[in-house]
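Scroll down for the structure; my scribbles are underneath it.
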Amino acid sequence: MSSLKERMAKGLSITLTTEDEAVAASMKAPGPTTGPGQTMQIAALRKQLEEAKAALTAKDSAASKAAEARIKDLEEQLAAASAMEIPLERLHEVPGRRRYMAPAKFAELRENLRHNKLVTPVTVRRRGDGDFEIVSGHHRTDAFRELGRPTIRCVLEDSTELEADDGAFFANLMQSDLTDYEKYAGLKRFHQQHSDLTQVEIAERTGISQSHLNALFSFGRLPEEARSILDTTQDIMGATAAAELAALTEAGKGERVVEAVKRLAERKFDQAQAVKFVKVDGNSKQPVAPATTFKVKAGKSTWCDVRRARNVMRIEFQTEALASAAQDAIRQHLEALAKTLPSDTKD
């Protein structure tokens, strides 16, 4: 009995026939292949891996040790069989899976890949036409395209379209630098694909508190023009500001909200200033009455000039002596006028 046969027979409690030996000898995957052959190879390895993990329940410590070694070996083979170089023109994007990345950060990624090896392969899923759709790694793919590279290292994922979408969504959701607007976009897509779930159930599935989930969904209540701006500058606003601006939109201040978001995108406002700008609506202020002026004549000469702006009146006399002479008379007249008005009069 060969060493491989001995290990499998003892470690996995399997009796190998001559035919089994031939299968066991072929378990070391050759170099990456493409098309149906690779898919069949990956499926076979996955099946063997499942069987090996099931055999790990054996109580015999020696058998368990052998099973663990077998599992590790199969996992390495599976990783090798799943990875391949794919021409960039055969990679396609599915709307809703791409993460936002600021232009400056993407430039750093591109320059890093210009000089260094790709560490994390792109995850892809095979399409019906034989090409591939990107599950994760959109920006790495973009960087390779800009660098003029013909192919990129990829790992083939065996999943349904819905599983791929959900996997990309939850993987992105765990990223600490994900913007609130990205979370909203992902949650919106997730809800569309799982329309039977309530917001309470979505909160449970995602681990997001109900209050924060409500704030994230408030992005959807902003004016369409404001959301269009956020689509290209997703890092300018958090969920708290979005909730306040959404409420102001519903209060009839949609135009001011759009203008505030524009100024946010132009870096003229921070979030607090944007909310204040909408709340303090310039159109709601009372128009300022123009100042009124008149002159008091003594014959042909001007005795004094009077100017009033709102609740302030200014009297300018020609000389200090005239001002002093009029002061007592003005005071007496004002005191007499005050007695004729209600005590709570403000105007």
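Of all residues in the stretch 324-347, none satisfies the criterion of being of a type in the set (S, T, N, Q), at pLDDT below 85 and within 16 Å of MET313 (Cβ to Cβ). Select from the stretch 101-137 the residues that are without any contact (Cβ under 8 Å) to a residue 24 or more places away in the chain and acidic (Asp, Glu) and write down the one among them that is farthest from ILE86 (Cα to Cα). Checked the stretch 101-137; the qualifying residue farthest from ILE86 (Cα to Cα) is GLU108.
Can you name every one of the helices (runs of 4 or more DSSP H) wholly within the stretch 208-305 that holds 1 or more residues which are more than 20 Å from the chain's Cα centre (by Cα) and either surrounded by 15 or more Cβ atoms within 10 Å (Cβ to Cβ) or in the same structural domain as MET101 (by TED's automatic domain parsing) (or both)?
By residue number, 239-248, 254-265, 271-279.
The values are calculated or read from the model by the stated rules, or taken from the named source; none is laboratory data. The structure displayed is predicted, hence computed values, not measured ones. Please note: Cβ atoms are built from the backbone with ideal geometry, for glycine as well, and neighbour counts cover all protein chains shown.
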